[in-house]
Amino acid sequence: MDFTTLLFYAFSLLLVGAALKVITDRNPVHAALYLILSFCSAAAIWMLLKAEFLAIVLVLVYVGAVMVLFLFVVMMLDIDMAKLRAGFWGNLPLAVTVGVLVAIEIAAVMMNAFMVAEAQPAGASIGDTRELGKLIYTEYLYAFEIAAVILLAAMVAAVGLTLRRRKDTKYFDPGLAVKTRRDDRVRIVSMPAESARNSEAAPAAGEGDQSAAGGRA
């Protein structure tokens, strides 16, 4: 076993362990961090398969943008974890069935790949950046535009979720703040004027009353 194969198995085990922690960890912030670790491990495997461009894109796009946005959304939202776990055991049989089917499909695809006598490096079949750009903007142009629209909708939804009303935060309507007039903010009240002599005599009279009351006592 050479060093490259050893690195492949090491990153594969790290990827599987991080993926399991994503779905088993009870803290959503920790689950998001484990998902970042799984993305980095997958990028390292792409590097070993000589697909450097895909590895850099995986780190820059998913780890650097999507996962950071997802992490901030998870930290800003007031998530009730007890409510989320309420129907966990009820949906467990369906989730296990779907997971087994997906695992069988992945195993079938991988078995056909391992049966090939001599596997070519991933970089030789994928091509360089120029070839990928030609494919994206010619054959896969509509799919690329649809993916961009989906990401834009996800960003708008994340911003909309952070702007919802919460009981523990103060909220004001910007439209009403703009429409406020001067008469609604300031009210001038007319009060009678008082001289300085009267204001000084009032505390002195109060002290005299207190001393008289003490003498009677």
Region 133-139 - phi-based ³J(HN,Hα) in whole Hz, Karplus 6.51/-1.76/1.60, Gly and Pro as x: x, 5, 5, 5, 8, 10, 7
Report the far tail of the P(r) of region 1-79, meaning the percent of Cα-Cα pairs longer than 16 Å. 54
Determine, from the Cβ-Cβ distance of Lys21 and Leu132 and an R0 of 45 Å, the FRET efficiency 1/(1 + (r/R0)^6), rounded to the nearest 0.05. 0.90
Note down the nm distance, to one decimal, between modelled labels 7 Å out along Cα→Cβ at Glu145 and at Ala177. 3.9
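Read-outs: derived from the displayed coordinates by stated rules, not from any lab. In this text the structure is predicted, and so the values were computed from the model without any measurement. Glycine gets a Cβ as well: all are built from the backbone with ideal geometry, and neighbour counts include every protein chain shown.
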